[in-house]
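Step one of this worksheet: look at the structure below.
The values are calculated or read from the model by the stated rules, or taken from the named source; none is laboratory data. Just so you know, these numbers come straight off a predicted model, no measurement behind them. Quick reminder, even Gly has a Cβ in these numbers, built from the backbone with ideal geometry, and neighbours come from all protein chains shown. Ligands, DNA and RNA are stripped out before the accessible areas are found, and what is left, the full protein with its side chains, is counted by its heavy atoms. Shrake-Rupley method; radii C 1.70, N 1.55, O 1.52, S 1.80 Å.
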Amino acid sequence: MTEFELIARIGQLFAGVPRNGFEKPGDDCTVLGIGGESLLFTADLLTEGIHFLRNTTPPYELGRKALAVNLSDVAAMGGRSVATLLSVALPPDVSDEWTEAFLRGYRDLSAEEGVMLAGGDTTSSRHDITVNVTVVGRAADHCIKRRSDARAGDAIVVAGPLGASGAGLRDLLAGNLDTPNARIHNAPAAQTAEGLWLGERTEVHAMTDLSDGLASDLRHIAEQSHVGATVDLERIPIAPGSDLVTALTGGEDYKLLFTAAPEALPALCRAFESRFGRPLYPIGTVTEAEDDTIVWLDRGRRVETDWRGYEHNA
């Protein structure tokens, strides 16, 4: 099974199990309403050889990345992370110095974001490192942004340049370990403040973070909202040192992708730039198609392709 086929199968198997107040899956976080606000839950695995290479990823940066990719999920829902659970499986050849540096990276980002470490687990492994992080967040109910709330006519917007992480991975695999994009790949930053700010804006409808690449993550919004999308390729912001295909399919950029009411977009863009000192990037429009069709346009001409973001076997 692919990752998404496994997720679909899990949904089928657990369909008859009581949800106990939790919303159905399909967003960046699972939501549990507690009266006027909600708790948000998310978890991610980082596995050596799949998500990182030990010889190209400094342990301090891996500690930060393990936390950041989860903080990004909570930000994508318009929430604030408050606590984490950290579990690690370490093989015998991992030194105490490696472990100390990893924990310091995780600790430093926790302190910067004001997120406590509430618990977790440790165990050994035979060969590879595995890191699992669970984050608990909270948000006022009116601030929560879901993938299913896109509306036909909405503008499609990204909150930063894309493709730096994918270009950084290429650098690392080529042995160029200290380029700007390699550092971005190893230690991405969650758009926490931006997610909180966008969560307060009623003109912002659907939102997610770009973990698997624009081509995949926009399709998730289209699927959940039962809409289509048209994207103008020339408007996609490409990070320095990257390229269009990497920006669309590379993944792990962790920029926010959202839809917004078109009549409010100019004021939203001005307010965002005033608040954060950098622009938003409108790249397309939500359409009424109900089959999650994404139309890619190059200066108004349709590009016949089927770009997909990162998807691994489960």
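Could you work out how far apart the two model spin labels at PHE276 and LEU244 are, taking each label as a point 7 Å from the Cα in the direction of the beta carbon, and quote it in nm?
2.5
Residues in the range 83-100 near a label at ASP121, defined as backbone nitrogen under 20 Å from the 7 Å Cα→Cβ point?
In the range 83-100, the label zone of ASP121 (backbone N under 20 Å from the point 7 Å along Cα→Cβ) covers 83-92.
Provide the per-residue ³J(HN,Hα) series for the range 237-245, in order, calculated from phi with Karplus coefficients 6.51, -1.76, 1.60 and θ = phi - 60°, each as a whole number of Hz, with x at glycine and proline positions.
Here the 3J(HN,Hα) series is x, 9, 5, x, x, 10, 8, 4, 4 Hz.
Using all Cα-Cα distances in the range 175-218, what percent lands in each 5 angstrom bin from 0 up to the longest?
5, 17, 17, 19, 19, 11, 7, 3, 1, 0
Extent of the range 184-243 along each principal axis, from alpha carbon coordinates, in Å, largest to smallest?
34, 27, 19
With θ taken as phi - 60° and the coefficients 6.51, -1.76 and 1.60, list the Karplus ³J(HN,Hα) couplings across the range 149-162 in order, rounded to whole Hz; mark glycine and proline as x.
9, 5, 10, 3, x, 4, 7, 9, 9, 10, 9, x, x, 10
Which three extents, in angstrom, do the Cα atoms of the range 147-292 have along their principal axes, listed largest first?
46, 36, 23
Might you tell me the accessible area per residue for the chain, computed with a 1.4 Å probe and given in Å²?
47
Calculate, in nm to one decimal, what ASP298 and THR2 gain on full extension: separation in residues at 0.36 nm each, minus their alpha carbon distance.
103.5 nm
To the nearest µm²/s, what D does Stokes-Einstein give for the range 114-214 at 20 °C and 1.002 mPa s, using the Kirkwood radius over alpha carbon pairs as Rh?
126
Applying 1/(1 + (r/R0)^6) with R0 = 41 Å to the Cβ-Cβ distance of LEU32 and ALA189, what FRET efficiency is obtained, to the nearest 0.05?
Once the sixth-power term is evaluated, E becomes 0.90.
Sort out for me the Cα centre separation of the range 2-21 from the range 44-80, rounded to whole Å.
That distance is 24 Å.
Classify the range 51-202 as rounded, prolate or oblate from the Cα gyration tensor: take a ≥ b ≥ c as the square roots of its eigenvalues, call it rounded if a/c is under 1.5, otherwise prolate when a/b beats b/c and oblate if not.
oblate
With loop defined by DSSP as not H, G, I, E or B, and exposure as at most 11 other Cβ atoms within 10 Å, which is the longest segment of the chain clear of exposed trypsin sites (Lys or Arg not before Pro)?
The answer is 127-298.
What Kirkwood hydrodynamic radius do you get for the chain when you take the inverse of the mean 1/r over all pairs of distinct Cα atoms, in Å?
20.1
Could you work out [θ]222 nm for the chain from helices alone, using -39500 (n - 2.57) per DSSP H run of at least four and dividing by all its residues? Round to the nearest 500 deg cm²/dmol.
-10000 deg cm²/dmol
Report MET116's accessible area, 1.4 Å probe, all protein chains in place, as a number in Å² to the nearest 10.
110
Could you tell me what a quarter of the Cα convex hull surface of the range 1-83 works out to, in nm² with one decimal place?
Computing the convex hull of the Cα atoms and averaging its projections yields 7.1 nm².
For the pair THR99 and ARG19, what calculated FRET efficiency results from E = 1/(1 + (r/R0)^6), where r is the Cβ-Cβ distance and R0 = 41 Å, to the nearest 0.05?
Using R0 = 41 Å, I get an efficiency of 0.60.
Rounded to the nearest percent, how much of the accessible area of the range 124-163 (1.4 Å probe, protein heavy atoms only) is carbon and sulfur?
Of the solvent-accessible surface of the range 124-163, carbon and sulfur hold 43 percent.
Calculate the radius of gyration of the Cα atoms of the range 1-141 to one decimal place, then report Dmax, the largest Cα-Cα distance, as a whole number, both in Å.
Looking at the range 1-141, its Cα Rg and Dmax stand at 16.4, 49 Å.
Taking only C-alpha pairs under 8 Å that are 6+ residues apart, what is the relative contact order of the chain in percent?
Once divided by the residue count of the chain, the mean separation gives 22 percent.
For GLU112 and ARG151, compute 0.36 nm times the residue count separating them, minus their Cα-Cα distance, and round to one decimal in nm.
10.5 nm
For the range 192-243, what % of the accessible area comes from carbon and sulfur atoms, probe 1.4 Å?
That fraction is 47 percent.
Run the 1.4 Å probe and let me know the accessible area of ILE50, rounded to the nearest 10 Å².
Only protein atoms counted, so the area is about 100 Å².
At THR179 and GLN12, where each label point lies 7 Å from the Cα along Cα→Cβ, what is the point-to-point distance in nanometres?
Rounded to a tenth, the inter-label distance reads 4.2 nm.
Just to be sure I understand the curve: with the Debye formula and one point per C-alpha of the range 218-314, what is log10 I(q)/I(0) at q = 0.24 Å⁻¹?
-1.51
Using the alpha-carbon centroid of each, what span in Å lies between the range 260-303 and the range 216-236?
If we compute the Cα centre of each part, the gap is 10 Å.
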